[in-house]
Each structure stands twice: as structure tokens, then as C-alpha cells.
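Step one of this worksheet: look at the structure below.
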Amino acid sequence: MNQPVNHETTELRASTPAHFKRLHPLTPLLRGWAYLAGVIVIMGQNALRDPGPIGIYLVVGLGFAVLATIAGAVSWWFTRYGFDGDALRIDSGVLMRRSRRVRMDRLQAVDVNRPLVGRLLGVSELRMEVAGGGRSEAPLRYLSGDDAVRLRAELLARAAGIDADTPEAPERTVHQVNLDRLAWSTVLSGGFVFGVLLLAAVLVALVVAPGAARIGILTSMLPGLLAAGYVLWTQLGRNFGFILADSPDGFRIRKGLLDTQHQTVPPGRVQGVLIRQPLLWRLKGWAEVHVDVAGYAGSASGEAATRTSTLLPVAPLEDAQGITRQVLHADPSSVKLFPAPQRSRWLRPIQWSRLAYGTDEKIVVVREGRFTRRLVVVPHAKTQSVRMTQGPIQRALKLSSIHVDTTPGPVNAIIRHRPPDEARRFVEEQAERARLARRTDVPEQWMTRPAPDVVEGNTDGDADPGASNE
């Protein structure tokens, strides 16, 4: 099955329409500030290695910042945006003119980000994610806060197929993460445990080591301690004040302590869902929910990818299951799961009994993980491809694995260690299920038909996201 195609285009235009707008006038200053920060870091490193007159470094640094601000001002003057038919068009460039068009029927998500400096100045960044995009397409840096909110509402209205002047739809709060739960989830995370163990090791080493070796120990351990502290801070700071809300134009996410982020994911854009339960979280009955959204896949990697794919950073398991039902309009807990054969224990001696999968008329459900439990759910309509793989040891054991591929992201549906005949049959059946499901999938302009009813399921689950499926 074909991967989604990026419909954002780049082309030359003779002139920019008069109704197109410019970005916020403070844009050059904000970009110049970013360059200044980079110059300060570089010049500071040079000053530490080769101390000299501090005035020279100040003059050079300010000179770079001024030049960057002037260049930003020229770029700002030639950058304008507006709607051109069924697409948002952004013209930019001084010597080489560039015109980009983002089609509304390929719009996957719209984010409004407010970095700390931007919040102080009252400006925001608007980012658009499109199907098949390798990065955020044509981010608008920067708009006033009101303009960013209005443009987001217009983008979502046009993508939904309704009047462009429709105001932002009302919302209903689905889940809010309080600070107490967020802090405890951080304490019970692997990063915090690693940081505590590393700190204990450093203290023991400092006590038993001779005086001359203590400086070397601190130097070698410092990067690890800083990394652990950074992980803890980003977990708390990134998800501070997390609110998930539902509205006619999709799911809205608001979060952040210093840098705030407002995401809107339109209906039907979620490609897959992952319910994850770390070992220590099971003591509290908590889980986290991640999603694959087309467009986010290539826009970030590592920590940034996690930031854009998190639907719930921590919540009671029954809430995580309920939100999954609401997102997918299907109930994973009602799907009967089939365990892996006993001979798979030679390849997965600890978690082989946890390996299971099942399907119904809407979704594929995959369960795995002994210490960190994972429940992966992929709608048939969002299946990009399905394939069967078999390694040399699997061939000896007469086993194979099945990959149900969606857009790249944290949701990886891999049905591990099944008999080859069963795997081949599943591949053929899943390809047919995906073909039939796409006929009734949510249309690109989703407001042109009533939204499907939410499947009501039993939310009295236990601490195992897949326990009710057996």
C-alpha cells in the first residue's frame, strides 16, 4: 500500500496578492535574539580557551546580532501569507522567491507554540502538519497571539469543509493532569530511578576514592547527572498543566510551563494508539497514551517526537482506555486476543506469555511487554502496509513476525512469533480489511457528515491494559 503523499508544493509566482499579510513586526527581533544567544555561547567558549579583551568579544557578538536582525527584517518584509483557493499560500525569499501551498484536505494537525520570550512579547508560532510531510510545513514565526488563534480556527474550519469565518468551536475538557500525579509519575519513571542510582554511585565513589581521583570522578559522572536532571525537568516542564479537550474540530492539547504548546488534532487523523504501562506505574494503576499522527512523524525525532505524539502523559488506566475508545470509536478491550505458541519462549523467555493479538471489524490489537506493558491499537483504515518477516532462528522454530505499518512514530504494531501459515493468512486478510475500511473512513472534510458515535465500553479495568481481552 502506498505511503501518503506530501501535497505541500513549492512553486514560483509572479506577484503576491494584495490581501496577503505579513508576520508580526517583532519577528526580526526574536530571530535576532536567537542568533545572539548562539553567538554568546560560541564566543564564551572561545573566551574560556583564549582569554582576551572582553570588549572585542562584545563588539563581535553584537555585530553578528545586528546583522542577523537586519537580515531577518529583510526576510520579514518579503514574507507574506494568505489563502489561495483551497490552500494556504506562503510567499518568501529575497533573491530566490519561493511560494508554498499547504492544501487543507491534507492538513493533519495545527499547533500554536509560545516560547518563553514569545510569551513575554505576546507572539506565537503556528505550525502545520500535513500528510507525508518530513517536517512541520511552512511554520509561521511569529504571529500575534490573537492572529495565531484566529488563523488556526480558519485552517480547521476550511479543512472541515465549513465556512471559513466560523469561530473556534467550543470544547469539553476530557482529562486534566494535576501536578501531584505528574510529579509522582516522574519520580516513578526510569529516568528518575537511573538518576538516583547514578547519584548514589557518585557519592560512594567520592567517599572511597583518594582525594586526587575525586575530581576525575566528578568530571566523568557530571554529564550523566545533567542528562538525568534534564530528563526529569523536561518531563515536568513539558507536561505541566496538561489538559486534553474534545471539540468538533478535533482533540486539543494544552501544556507547558515555560514554553507552552497548543495542539489540535482533527478527527480521523490519529493513525494508531499505544497504551504504555511502566513497571513502577502499575503500583498506582497509571498508564500513558501515545498516538501516531501523519505529519508529526518526520517533524521531529527523539524527545521532540515524544512531545508531539503524547495524548496523555499519565492517567489512571481506565481513563486511558476510555480516551482510546473515544479517539478510535472502537473498544480494544472487547477484542479477543490469541496468545503466541509456546515455542516462542525460546526467543522471548520472559514475555512470551504476554505476546498476543486480535482483530475485529475496525481495529488490530497487539499486546506485549512483561515489565513495561504495551497495548498497540491500529485501525484497519489507517494501515499503510502489512508484511511478514522471518529471521534464521525463527525459520528453525517455524515462526515468523507480522508488521502492521502506519505512519512512522511511537506506535509499532508487530505481531511476534506466529506460525508461518497463520502469518501469511493474516497478511492477506489484513490487506483486504484495510481496503474495505478505507471506503467508510472519516472523509477529509469531516464536518460534511455526522461524527460516529463513541463506543461505550467497560472502564472498570485492572492494571493490565490487555487483561480484559483474554
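The values are calculated or read from the model by the stated rules, or taken from the named source; none is laboratory data. Quick caveat: nothing in here was measured; it's all calculated off a predicted structure. Ideal geometry is used to build each Cβ from the backbone, glycine not excepted, and the neighbour counts take in all protein chains shown. All accessible areas refer to the heavy atoms of the entire protein, side chains included, with ligands and DNA or RNA removed. Shrake-Rupley method; radii C 1.70, N 1.55, O 1.52, S 1.80 Å.
Using R0 = 41 Å, the C-beta based FRET efficiency linking K398 and T173 works out to 0.20.
I'd like to check one number: the per residue accessible area of region 113-204, probe 1.4 Å, reported in Å² as a whole number.
Values: 4330 Å² over 92 residues.
For region 113-204, the solvent-accessible area averages 47 Å² per residue.
Here's how it looks for S400: its modeled amide H is under 5 Å from those of H417, R418, which are all 5 or more places away or on a different chain.
Treating r as the C-beta distance of L283 and V196 and R0 as 25 Å, the FRET efficiency rounds to 0.90. Distances between placed amide hydrogens fall under 5 Å for H24 paired with Y142, L143, S144, all partners being 5 or more residues away or on another chain. Under the simplified labelling scheme, the R150-W233 pair shows an inter-label distance of 3.7 nm, with each label point 7 Å from Cα along Cα→Cβ.
What is the extension gain from D86 to Q326, computed as 0.36 nm multiplied by their sequence separation minus the C-alpha to C-alpha distance, in nm to one decimal? Mind showing how you got there, number by number?
Numbers: separation 240, 0.36 × 240 = 86.40 nm, distance 2.97 nm.
My answer for the length gained is 83.4 nm.
Here the Karplus curve 6.51 cos²θ - 1.76 cosθ + 1.60, taken at θ = phi - 60°, turns the phi angles of region 186-203 into couplings of 5, 4, 8, 8, x, x, 5, 4, 4, x, 5, 5, 5, 5, 4, 5, 5, 5 Hz, with x standing for Gly and Pro.
When peptides 350-359, 148-157, 163-172 are sorted by average Cβ neighbour count within 10 Å, with the highest value leading, the order is 148-157, 350-359, 163-172. The HN-Hα couplings worked out from phi for region 330-340 by the Karplus form 6.51 cos²θ - 1.76 cosθ + 1.60 (θ = phi - 60°) are 8, 10, x, 5, 8, 7, 6, 9, 10, x, 6 Hz, whole numbers, x standing for Gly and Pro. Our coupling estimate for region 69-79, obtained by passing each phi through the Karplus curve with A = 6.51, B = -1.76, C = 1.60 and θ = phi - 60°, is 5, 5, 4, x, 5, 5, 4, 4, 5, 9, 9 Hz, Gly and Pro reported as x.
As a calculated quantity, the FRET efficiency between Q342 and I217 at R0 = 45 Å, using C-beta atoms, amounts to about 0.40. Taking amide hydrogens as placed 1.01 Å from N in the peptide plane, the amide H of V174 sits under 5 Å from those of L244, A245, D246, each at least 5 positions away in sequence or on another chain.
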